[in-house]
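The values are calculated or read from the model by the stated rules, or taken from the named source; none is laboratory data. The model shown is predicted, which means the values in this text are computed figures rather than measured ones. Cβ coordinates were reconstructed from backbone atoms using ideal geometry, including for glycine residues, and neighbour counts include every protein chain displayed. When the accessible area is computed, the model is the full protein with side chains, heavy atoms only, and any ligands, DNA or RNA have been set aside. Shrake-Rupley method; radii C 1.70, N 1.55, O 1.52, S 1.80 Å.
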Amino acid sequence: MTSGGPSVAIIGGGIAGLVCAARLSQLGLTDTKVFDTGKRAPGGRCSSRFISIGGKLHVFDHAVQFFTVSDLRFAKIVSFLHSKKAVKVWPGKIVKLKKGAEPVQVKDVQAFVGTRGMQSIPETLSSLVHVEGNTWVNHVLWDAVVKKWKVDNHGWFDYLVVAHNGKCADRLMADCGAPQIHNLLRVKFGPVLSPKTDIMQLCSLWVLLMAFSKNIELCFDGAFVEHTDISWIGNNTSKYKADNDLECWTVISTRTFGAKHKVPQENIPPSKEKEVTNSLLNAFAEVTGLGRKSIMPCFTKVQLWGAANPLNVLQREDCVFQASHNVGICGDWLVSPCIEGAAVSGLALAEVIGRHVRGERRDVGLKTHLAPLEAEAIGAFPTNKSLLFNPGKP
Ligand SMILES: Cc1cc2nc3c(=O)[nH]c(=O)nc-3n(C[C@H](O)[C@H](O)[C@H](O)COP(=O)(O)OP(=O)(O)OC[C@H]3O[C@@H](n4cnc5c(N)ncnc54)[C@H](O)[C@@H]3O)c2cc1C
């Protein structure tokens with residue numbers, strides 16, 4: 001890829017950062033680098049685990065389960081991903097599930113998944129841009145004299161994009177010389193939105209991955225669950241039709257369960273792993289009515305998303321940009337906690353930077369406020385019937 005135009009450093013290679021980079025490149029800003037912590041691949045919360053069980057690799061979606069499309073800008077991205085064989089429609093049966101009640105099918109939802117796990121989405125996007133993987137950016141600084149950003153030991157950049165949230169972004173931007181931007185990145189955690197809160201609030205979610213050596217015979221492929229401990233159950237094997245004899249499921253906790261069992265996610269004590277595994281298996285058995293004794297997985301693994309999903313979003317604007325400091329923010333919590341929200345935010349910020357390069361000096365989103373959000377624990381699933389996907393007519 002040839003370099004062109006001002007340089008841009010994007011900190012975070014989730015969907016927002018990757019879409020932002022890809023659009024900047026289309027706008028001619030090809031001297032753009034995405035820095036991401038991902039050891040194996042970028043993607044952030046849109047990623048999959050490939051786990052060897054019995055000598056065969058099995059795909060588990062350990063965060064995003066499926067996504068929907070309601071925005072025309074995102075529909076174009078999905079068409080592109082479809083043309084690259086990175087996404088497909090998932091015809092799985094999705095239901096609402098409550099203990100002791102008949103499952104109720106969720107209608108009018110066109111569900112999309114990746115083709116080789118959700119991971120195929122960031123994989124395809126990252127092939128279009130320059131990603132510095134396995135890279136943790138610890139320090140950034142705005143130099144008001146030269147009007148450039150110093151990014152760790154990676155050099156100087158004309159623009160900085162913060163494409164992640166949580167404690168990392170709060171810390172990274174605390175003393176960087178852009179206090180207005182830092183103000184919008186301050187964060188707190190909790191399962192229920194504090195009244196009158198004026199800063200971003202994130203929840204934590206536990207995820208249980210499990211495999212069964214025989215079909216467990218549930219009448220659905222995915223379920224939004226009404227239960228104190230679990231909020232979602234999804235069948236990965238139904239999405240990816242793997243050529244194997246195991247059935248691989250993902251169970252995701254409620255926000256309350258996430259908060260109750262929160263520990264440092266990089267260092268989960270084995271006793272907590274055991275406790276969480278047992279609790280989530282019990283909840284799964286209870287809500288499906290299968291009974292704990294018939295739930296005998298041949299593989300289990302738990303994982304904690306400490307900074308899982310936002311409980312409030314910024315109002316009115318899809319991204320944030322401070323024109324005087326050449327710095328912007330994009331991410332799902334600016335629009336909606338889902339793949340569409342992250343992509344739309346990344347796209348919007350790329351457009352704003354493009355206009356700034358062409359001379360438009362306008363702040364975006366700096367004065368907006370955070371508003372409470374209505375969404376499932378695992379995210380939002382916006383729909384728009386007029387955008388039902390037809391692969392023949394992208
Ligand atoms: C358990 C769970 C289930 C979900 N289910 C769904 C679903 O079914 N459907 C749906 O649409 N959405 C779902 N979501 C929400 C969805 O995952 C997010 O909305 C979306 O992936 C957010 O993308 P993003 O780019 O804004 O942020 P992220 O994906 O968080 O990307 C940020 C990236 O920045 C990196 N980073 C952080 N700090 C640094 C640093 N200092 N230096 C370099 N890199 C850094 C991170 O490692 C990460 O890769 C789910 C989320 C969770 C946690």
Assign one of three labels to region 28-74, namely rounded, prolate or oblate, based on the Cα gyration tensor with a ≥ b ≥ c the square roots of its eigenvalues; rounded applies when a/c is under 1.5, prolate when it is not and a/b is larger than b/c, and oblate otherwise. oblate
Once the convex hull of the alpha carbons of region 115-269 is built, what does its volume come to per residue, in cubic angstrom? 170 Å³
Taking the chain as a Gaussian network, Cα atoms linked when under 10 Å apart, which of GLY258, GLY289, GLY92 shows the biggest mean-square fluctuation? GLY289
Can you give me the angle between helix 270-288 and the longest principal axis of the chain, using Cα atoms only, in degrees from 0 to 90, rounded to the nearest 10? 60 degrees
Can you list the residues of region 198-237 with backbone N under 19 Å from a point 7 Å past the Cα of GLU102, pointing along Cα to Cβ? 218-226
Kindly sort ARG255, ARG362, ARG292 by accessible area of their heavy atoms, largest first, with the probe set to 1.4 Å. ARG362, ARG292, ARG255
Within the accessible area of the chain (1.4 Å probe), percent carbon and sulfur: 51 percent
Over region 190-276, what portion of Cα pair distances is larger than 22 Å, expressed as a whole percent? 42 percent
Bin width 5 Å, alpha-carbon pairs only: give the P(r) of region 250-394 as whole percents, running from 0 to the bin holding the largest distance. 2, 8, 13, 13, 12, 13, 12, 10, 8, 5, 3, 1, 0, 0
Built amide H within the under 5 Å cut-off of THR30, gap 5+: GLY4
From the helices alone, meaning DSSP H stretches of at least four residues, give me the mean residue ellipticity at 222 nm for the chain, per-run term -39500 (n - 2.57), in deg cm²/dmol to the nearest 500. -7000 deg cm²/dmol
Note down the nm distance, to one decimal, between modelled labels 7 Å out along Cα→Cβ at GLU376 and at GLU275. 2.8 nm
Evaluate the relative contact order of region 155-308 (contact order divided by residue number), counting alpha-carbon pairs under 8 angstrom at least 6 apart; express in whole percent. 27 percent
Classify region 1-140 as rounded, prolate or oblate from the Cα gyration tensor: take a ≥ b ≥ c as the square roots of its eigenvalues, call it rounded if a/c is under 1.5, otherwise prolate when a/b beats b/c and oblate if not. prolate
20 Å-binned pair-distance histogram of the chain (Cα, whole percent): 28, 57, 14, 0
Quick check on the chain: of the DSSP beta bridges with both residues there, what percent are antiparallel, nearest 5%? 70 percent
Restricting to Cα atoms and excluding each atom paired with itself, what does the Kirkwood estimate give for region 337-394 in Å? 14.6 Å
In square angstrom, what is the accessible area per residue of the chain with a 1.4 angstrom probe? 44 Å²
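Determine, for each peptide in 12-18, 354-360, the mean count of other beta carbons within 10 angstrom over its residues, then list the peptides with the highest first.
Final packing ranking: 12-18, 354-360.
Under the definition of Cα pairs under 8 Å and six or more residues apart, what whole-number percent is the relative contact order of region 259-378?
Worked out over region 259-378, it gives 24 percent.
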Measure out, as a whole number of angstrom, how far apart the alpha-carbon centroids of region 83-150 and region 322-339 sit. 16 Å
May I ask you to derive the relative contact order of the chain, considering only C-alpha pairs under 8 Å and at least 6 residues apart, and to give it as an integer percent? 21 percent
